[in-house]
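**Q** The structure under discussion is supplied below as structure tokens; questions concerning it will follow.
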């Protein structure tokens, strides 16, 4: 899908790959009026456990001497994938003699052999809540292909740094495209930011991970 963030038009393909070492192709086009020089282009994964950009001979990125207005280039990135993840691109360059920083939006890369993935994780509350009020976290799981053996775990990281398991759920068999929602409840006992983690596993291998945060205050 062609996307745009000033001054770069970009596209990353394919968005569905097989497990193992694969190639992603990045297309960049300068839609601005100024030539960008000495571009350092890198691909990053939001979760390097399921999807990791691999080192090329001189690092993880590409060096491009310049990108003129309306000029388009194409670069390849090798990745090692075991499950789906979001990736993004960064560019450090020179523009009008000054340093220039650019960062793309997230592109979701799906792995075709995965049975399912976490679509979203939400905390059913306002952004702020109070100590002692029980909250619900809801995870949505989307089936990618038919298969059993999936497990969902909810964990909460407290403001004091403790990780506490809230629920461990065996997931029903999902058909392709089917969505299912699961919830876990927890009661905050201290002020500060709580981070809720949802982990989806196939047998013992973690294949998807989402987080959400909520701030807890005194009444």
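**Q** Would you kindly identify the strands (runs of 3 or more DSSP E) lying entirely within the range 120-219 that contain at least 1 residues that are over 22 Å from residue 50 (Cβ atoms), without any contact (Cβ under 8 Å) to a residue 12 or more places away in the chain and touching a helix residue (DSSP H, G or I) at 6+ places or on another chain (Cβ under 7 Å)? Outline the logic, then answer.
**A** Details: elements: 128-130, 135-143, 150-157, 163-170, 179-186, 192-202, 205-217.
It comes to none.
**Q** Something else now. Of these, 90, 25, 52, which one is at pLDDT below 95 and either within 27 Å of residue 210 (Cβ to Cβ) or assigned to a strand (DSSP E or B) (or both)?
**A** From the options 90, 25, 52, the qualifying one is 52.
The values are calculated or read from the model by the stated rules, or taken from the named source; none is laboratory data. Quantities reported herein were computed from a predicted structural model and do not represent experimental measurements. We place every Cβ from the backbone using ideal geometry, glycine too, and count neighbours over all the protein chains shown.
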